[in-house]
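Here it is: the structure, laid out below.
The values are calculated or read from the model by the stated rules, or taken from the named source; none is laboratory data. This one's a predicted model, so the numbers in the text were calculated from it and none came from an experiment. Cβ placement follows ideal geometry from the backbone for every residue including glycine, while neighbour counts extend to all protein chains displayed.
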Amino acid sequence: MLKFIDEALSTFRPCFSRKAAYEWFVVIVVGLMVRTDHWGLTAIVRGLALAPRHYESMVHFFRSTAWSLEALRLAWFKVVGRMAPLLYVRGRVVLVGDGMKQAKEGRRMPGVKKLHQESENSSKGEYIFGHLFGAIGILAGTPIKWFCLPLFMNLQDGVKTIFGWDASSEERQDSHVVQMIDQAFAAAHSLGPALLLLDRYFLSIPALQRLNEGNDTGESNMHMVTKAKMNVVAYEQPVRKSGRGRPPKKGKVLKLAELFHTRAAEFQSVKVTIYGKEETVSCLCLDLLWGQGLYQELRFVLVKQGDRHSILVSTDRSLEAVEIITLYGYRFKIECTFREMKQVIGAFGYRFWSPSMPKLKRYLRKGESHPLEQVTSEPDRKRIRQTLQAIEGFVMCSVIATGLIQLIALRFSGLTPALFVRYLRTPSKAIVSEATVTAHLQQSIFRLFARNKQLSLTQIIRSKQDLPSTNADLRAS
């Protein structure tokens, strides 16, 4: 197991211009996998028994110029493409995208802004101050259990001003929806043709336009499977009429929610696998035009499951209705990954801030300039950019740690009986969970170090531990 982790992490060595930075990257990723609490970076010091004097060096790593987020992302794509048992549908990998909001109260933390939470959970506030991340994952595993391996996460709102300081850069100036499509294309460029699963928030004209632009370049190919709101309106194909005048771009207007009643006799019963269970649903498949002014032909699948009605959408009109329903059932896997990243890895427990950052103004008036626009000093701007890099770097290390844990669960569940020793009320029969893998690593990590002294990973971590220097100290400990 430790050899597998060492092999995966060795792929990242070219991403770092300095050896010391690479070594701290290895320590941090392994530490995130084995730490027993989420109390900041000190949890990594405790989890790996590091010498306390190394804490400051670990903090400095996140603001170092020896690495870049883009290099880590591309290296992680290569690891996933080589080591993960990916799901393919008609020769395409299956990507999953979504946004994730994390509450943050830091008054001098870049990227923090007021966010609206759409949730039916009454314990969540309607508005929070925090960070909005955009995430792309990929489905990997077996039919028994599919994981959504996280590929990349970055801040996609509240950072336009910071990236706008460089007049020649257009990075992060687009909307959250468009940035999500761009992220997916970056993954598809490395991993091959893809199907992208998104929720109904992302069914928009800007998203479809960026999707079409990306496909027109010919560098990568991607289609989208998503969901529509129940008040969605589509159009039939236009009927060509003889005579003068401009030909019509659209036909008859259809309110799709009404078709559940007016065309109920046309629905067909099919068996599909939804959330791991075989269900019988009724569906109606239609190819219609959508988008005021765009009028792109999409495949709509109207689904009835008992009293529940849903409208699914695919830009790939060659997919069958059963395939679209099954694919959209996989979209929730990214929510499971978010839960594991929060509760098991502690991926969003960062506390990076900068005194150069203006204080967060909670009640910014409409039309009032943002405090960041008043930052004109280049040293202050540099420190704010480094703090932003630290936040996204910490989350990227957590993404890699989560993905490695999922790969360990897929590869070693049938080879390591110790993974099944942990008591669970409903134990896994085939593939263990992320929490079970981390519990096993927490108990056995030092035994694995002792058995694999020759690994570079072991040597890196042991060089930073506060080990006894003499036999007398060893006996006393």
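What are the residues in region 220-238 that are farther than 16 Å from residue 205 by Cβ and of a type in the set (A, V, I, L, M), if any?
Across region 220-238, the qualifying residues are 222, 225, 230.
Restricting attention to region 302-353, which residues are acidic (Asp, Glu), assigned to a helix (DSSP H, G or I) and either free of Cβ contacts under 8 Å to residues at least 12 places away in the same chain or buried (at least 20 other Cβ atoms within 10 Å of the Cβ) (or both)? Before you say what the answer is, go through the steps one by one.
Here is the first cut: in region 302-353, the ones acidic (Asp, Glu) are 307, 316, 320, 323, 335, 340.
From what's left, assigned to a helix (DSSP H, G or I): 323, 335, 340.
Result: 340, single match.
Check 284, 294 and return the single one that is touching a helix residue (DSSP H, G or I) at 6+ places or on another chain (Cβ under 6 Å), modelled with pLDDT under 90, at negative phi and assigned by TED's automatic domain parsing to the domain that holds residue 266.
Of 284, 294, the one residue that is touching a helix residue (DSSP H, G or I) at 6+ places or on another chain (Cβ under 6 Å), modelled with pLDDT under 90, at negative phi and assigned by TED's automatic domain parsing to the domain that holds residue 266 is 294.
Going through 390, 409, 347, 401 one at a time, which residue ends up being within 16 Å of residue 112 (Cα to Cα), within 29 Å of the chain's Cα centre (by Cα), at pLDDT 90 or above and small (Gly, Ala, Ser)?
390
Tally the residues that are buried (at least 23 other Cβ atoms within 10 Å of the Cβ) and in a loop (DSSP other than H, G, I, E, B), restricting the search to region 115-144.
Matching residues across region 115-144 total 0.
Now for a separate question. For region 412-435, what are the residues that are at pLDDT 75 or above and either among the small types (Gly, Ala, Ser) or within 16 Å of residue 146 (Cα to Cα) (or both)?
412, 413, 414, 430, 431, 432, 433, 434, 435
Would you be able to tell me the number of residues in region 374-401 that are out of contact with any Ser or Thr (no Cβ under 6 Å at 6 or more places or on another chain) and either more than 25 Å from residue 2 (Cβ to Cβ) or of a type in the set (Val, Ile, Thr) (or both)? Step through it out loud before you land on a result.
Taking region 374-401 and keeping what is out of contact with any Ser or Thr (no Cβ under 6 Å at 6 or more places or on another chain), we get 374-379, 381-382, 385-386, 388-401.
This time we only want the ones that are either more than 25 Å from residue 2 (Cβ to Cβ) or of a type in the set (Val, Ile, Thr) (or both), so: 374-379, 381-382, 385-386, 388-392, 395, 399-400.
Within region 374-401, residues that are out of contact with any Ser or Thr (no Cβ under 6 Å at 6 or more places or on another chain) and either more than 25 Å from residue 2 (Cβ to Cβ) or of a type in the set (Val, Ile, Thr) (or both) number 18.
Follow-up question, since we're still on this one. Would you confirm, using the coordinates I've provided, whether residue 245 is in contact with a strand residue (DSSP E or B) (Cβ under 9 Å, 6 or more places away or on another chain) and small (Gly, Ala, Ser)?
So residue 245 fails the test.
Being of a type outside the set (S, T, N, Q) and touching an Asp or Glu at 6+ places or on another chain (Cβ under 6 Å) narrows it down to one residue among 241, 229, 252; which is it? Break it down into steps so the answer makes sense when it comes.
Details: 241 fails: touching an Asp or Glu at 6+ places or on another chain (Cβ under 6 Å); 229 fails: touching an Asp or Glu at 6+ places or on another chain (Cβ under 6 Å).
Result: 252 is the single residue among 241, 229, 252 that is of a type outside the set (S, T, N, Q) and touching an Asp or Glu at 6+ places or on another chain (Cβ under 6 Å).
Still on this model: Is it true that some residue in region 76-89 is farther than 17 Å from residue 190 by Cβ and over 21 Å from the mean Cα position of the chain (by Cα)?
Scanning region 76-89 turns up no residue that is farther than 17 Å from residue 190 by Cβ and over 21 Å from the mean Cα position of the chain (by Cα).
Which ones in region 146-197 are assigned to a loop (DSSP other than H, G, I, E, B) and acidic (Asp, Glu)?
Within region 146-197, 157, 166, 170, 171, 174 qualify.
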